[in-house]
Ligand SMILES: [Fe+2]
Ligand SMILES: [Fe+2]
């Protein structure tokens, strides 16, 4: 069951990144390539953590693993996405 949760989480995150990159491309965000690389790095880290967590039967450590996975997504929102917030606001893209 947890393995499925990890997989679903990674799929949802990948979908979020893809949608975000489409918006950044459409709004001509000048640092889109750096942000794409950042997303790829987060997905790779999430996959590595997920693989590490597979076959884990200890419930406490499994929860810790899931927290780590969630942290990758929070890092995108808190650290990465703040960088283009003003670009979308200044170009009027945020209010579309
Ligand atoms: Fe994001
Ligand atoms: Fe992002």
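The values are calculated or read from the model by the stated rules, or taken from the named source; none is laboratory data. Quantities reported herein were computed from a predicted structural model and do not represent experimental measurements. FYI the Cβ positions are ideal-geometry reconstructions off the backbone, even for glycines, and counts take in every protein chain you see.
Listed values, structure above:
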read-out: Subset of the stretch 46-96 that is more than 26 Å from residue 23 (Cβ to Cβ) and touching a residue at least 60 places away in the same chain (Cβ under 8 Å) - its residue that is nearest to ligand 2 (Cβ to nearest atom); value: 66
read-out: Hey, residue 43 modelled with pLDDT of 85 or more, under 30 Å from residue 94 (Cα atoms) and touching a helix residue (DSSP H, G or I) at 6+ places or on another chain (Cβ under 9 Å) or not; value: yes
read-out: Test: residue in the stretch 16-34 that is out of contact with any helix residue (DSSP H, G or I) (no Cβ under 8 Å at 6 or more places or on another chain), farther than 27 Å from residue 93 by Cα and either within 16 Å of ligand 1 (Cβ to nearest atom) or not in a helix (DSSP H, G or I) (or both); value: no
read-out: Members of the stretch 45-93 found to be within 14 Å of ligand 1 (Cβ to nearest atom) and more than 18 Å from residue 8 (Cα to Cα), listed by number; value: 75, 77, 78, 79, 80, 81, 82, 83, 84, 85, 87, 88
